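A.B. asks: Below you'll find the structure I mean.
The values are calculated or read from the model by the stated rules, or taken from the named source; none is laboratory data. Model, not experiment: these values are computed from the prediction. Quick reminder, even Gly has a Cβ in these numbers, built from the backbone with ideal geometry, and neighbours come from all protein chains shown. Surface areas here come from the heavy atoms of the whole protein model, side chains and all, with no ligands, DNA or RNA. Shrake-Rupley method; radii C 1.70, N 1.55, O 1.52, S 1.80 Å.
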Amino acid sequence: QVQLVESGGGVVQAGGSLRLSCAASGRTFSNYAMGWFRQAPGKEREFVAAISWTGGPTRYADSVKGRFTVSRDNGKKTVYLQMNSLKPEDTAVYYCATSEFLGSAAVGYDYWGQGTQVTVSS
């Protein structure tokens, strides 16, 4: 059984920063790519960022490029999302997920966390 637990969400003013963490258990963490997605009220879940199992190649949504950074620590079985210069439109529930491949399509991810709320006030 794979478990993913996100943490680090909260309320921040526009222009501020947050770092999300996603702790994994139940599978060989270092063998899988990890992704971050988000879902705002009334909107579909959208891709945010992903990182390969090596921690080398990464992918970002255009809306977060230059502001968000994804990283991972395979020894701690944890993936991070550093979010800087936050905007009100970044407000959403953020989810981490695992995949065999580095990609941006949610359908390619098999296990998901429960999500953590990020609220950016203007």
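A.B. asks: D for the range 1-63, whole µm²/s, Stokes-Einstein with Kirkwood Rh over alpha-carbon pairs at 4 °C and 1.567 mPa s: what number?
C.D. replies: Approximately 95 µm²/s, per Stokes-Einstein.
A.B. asks: Now a separate question. Scanning the chain for GluC sites (Glu not before Pro) in DSSP loops with at most 13 other Cβ atoms within 10 Å, what's the longest stretch left with none?
C.D. replies: 45-99
A.B. asks: Now for a different question. Using the Cβ atoms and a cut-off under 12 Å, what net charge is assigned to the surroundings of T91, where Lys and Arg are +1 and Asp and Glu are -1?
C.D. replies: Neighbourhood net charge equals +1.
A.B. asks: Give me the lysines in straight-line cross-link reach of K77: C-alpha distance below 27 Å, same-chain residues under 8 apart excluded.
C.D. replies: K65
A.B. asks: As a test of understanding, state the convex hull volume per residue of the chain from its alpha carbons, in Å³.
C.D. replies: Convex hull volume per residue, Cα atoms: 90 Å³.
A.B. asks: So, one more: What part of the accessible area of the range 1-94, given as a whole %, is carbon or sulfur when the probe is 1.4 angstrom?
C.D. replies: 45 percent
A.B. asks: Report, by chain and number, residues whose modeled amide H sits under 5 Å from the one on R72, excluding near sequence neighbours (fewer than 5 apart, same chain).
C.D. replies: Y80
A.B. asks: For the chain, set up a Gaussian network in which alpha carbons nearer than 10 Å are linked by springs, and say which option among G56, G108, G42 fluctuates the most.
C.D. replies: In this elastic network of the chain, the residue with the biggest mean-square fluctuation among G56, G108, G42 is G42.
A.B. asks: Could you pull out every residue, at least 5 positions away or on a different chain, whose amide H is within less than 5 Å of the one on W53? Hs are placed 1.01 Å off N in the peptide plane, and Pro or chain starts have none.
C.D. replies: A33
A.B. asks: If you plug each phi of the range 37-50 into the Karplus form 6.51 cos²θ - 1.76 cosθ + 1.60 with θ = phi - 60°, what whole-Hz ³J(HN,Hα) values come out, in order, with x for Gly and Pro?
C.D. replies: Per-residue couplings from phi come out as 10, 9, 9, 8, x, x, 10, 6, 5, 10, 6, 10, 7, 8 Hz.
A.B. asks: Follow-up question, since we're still on this one. Explain nothing, just the number: relative contact order of the chain, from Cα pairs under 8 Å at least 6 residues apart, as a whole percent.
C.D. replies: 36 percent
A.B. asks: Quick one: accessible area per residue over the range 34-105, 1.4 Å probe, rounded to a whole number of Å²?
C.D. replies: In whole numbers, the range 34-105 has 49 Å² accessible per residue.
A.B. asks: With θ taken as phi - 60° and the coefficients 6.51, -1.76 and 1.60, list the Karplus ³J(HN,Hα) couplings across the range 11-22 in order, rounded to whole Hz; mark glycine and proline as x.
C.D. replies: 10, 9, 7, 3, x, x, 10, 9, 10, 8, 10, 9
A.B. asks: Right, something else. Within 10 Å of each candidate Cβ there may be at most 11 other Cβ atoms; applying that plus a DSSP loop requirement, which trypsin sites (Lys or Arg not before Pro) in the range 30-80 survive?
C.D. replies: Here the sparse-neighbourhood loop sites are K43, K65.
A.B. asks: Also: Apply 1/(1 + (r/R0)^6) to the Cβ-Cβ distance of T28 and Q114, taking R0 = 30 Å, and write down the FRET efficiency to the nearest 0.05.
C.D. replies: After rounding to 0.05, the efficiency reads 0.90.
A.B. asks: Which residue fluctuates most in the GNM of the chain (Cα springs below 10 Å): T91, T54, T78?
C.D. replies: Result for the chain, Cα springs under 10 Å: T54 fluctuates most.
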